[in-house]
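The values are calculated or read from the model by the stated rules, or taken from the named source; none is laboratory data. A quick note: this is a predicted structure, and the numbers were derived from the prediction, not measured. Note: ideal-geometry Cβ built from the backbone for every residue, glycine included; neighbour counts use all protein chains shown. We work out accessible area using only protein heavy atoms, side chains counted, and drop any ligands, DNA or RNA first. Shrake-Rupley method; radii C 1.70, N 1.55, O 1.52, S 1.80 Å.
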Amino acid sequence: VIDPGHGGEDGGAVSDTGVVESGLNLEVSRRAKLLFCLFGDAPVMLRESDISLHSGSASTLREKKASDLKNRVVKINSVKDALLISIHQNTYPEGRYSGAHIFYTSDESKPYAELLQKRIKEVLDPANNREAKKVPSSIYLLNNVNCPAILVECGFMTNRRELTLLQDPTYQIKLA
């Protein structure tokens, strides 16, 4: 299952130049889906466009965000033998930080996260010395699914050089 994080009213982070996280998440996720399909494994995509997955009864932004997350959990948990890959972008108040960072939920998902972190270093960013890390308990989605899950923070939108890369279709393919 590929989860392009955020969407619709909840765009996630926004760079100082106006780039919205949900759009970057969707582009990387679309490319990942195509690559999975190329190798004969069509993943479930939680969203294919810039929409929220909230229920119609949600009216405030807060209600929509909560509903969206709950609906994502239900959808993910309905997929048999799933592995969740949730795509996001990172931010930090200072622009000096860069590099993708992978988080995992369990011992079962840890090898996937470690492999992906290693491949990012080898293929995209040899200076990236981050190590795969257990996801914080505050991340609702990943802590409420019943399958192995990883969260991919593709890079920092607050780092100008990396933001330029994150918007580049060729780089997005490499990330995927």
Subset tally (residues that are surrounded by fewer than 16 Cβ atoms within 10 Å (Cβ to Cβ), in a loop (DSSP other than H, G, I, E, B) and of a type in the set (Ser, Thr, Tyr)) for the range 138-176: 1
Positions within the range 97-116 being surrounded by 14 or more Cβ atoms within 10 Å (Cβ to Cβ), aliphatic (A, V, I, L, M) and assigned to a helix (DSSP H, G or I), in sequence order: ALA113, LEU116
Scanning for something within 28 Å of GLU9 (Cβ to Cβ) and open to solvent by less than 90 Å² (accessible area, probe 1.4 Å), does the range 117-137 turn up at least one residue? yes
Going through LEU69, LEU124 one at a time, which residue ends up being over 15 Å from ALA32 (Cβ atoms), in contact (Cβ under 8 Å) with a residue 12 or more places away in the chain and out of contact with any strand residue (DSSP E or B) (no Cβ under 8 Å at 6 or more places or on another chain)? LEU69
If we ask which residues in the range 71-83 are touching a His at 6+ places or on another chain (Cβ under 9 Å) and surrounded by fewer than 16 Cβ atoms within 10 Å (Cβ to Cβ), their number turns out to be 0
Selection from the range 84-96 of residues that are open to solvent by 50 Å² or more (accessible area, probe 1.4 Å) and closer than 19 Å to ASN25 by Cβ: THR91, TYR92
Matching residues in the range 46-70 - criterion: being open to solvent by less than 50 Å² (accessible area, probe 1.4 Å) and assigned to a helix (DSSP H, G or I): LYS64, ALA66, SER67, ASP68
Any idea which of (1) under 19 Å from GLY155 (Cβ atoms); (2) modelled with pLDDT of 95 or more; (3) not charged (D, E, K, R) is the one ASN71 doesn't satisfy? (1)
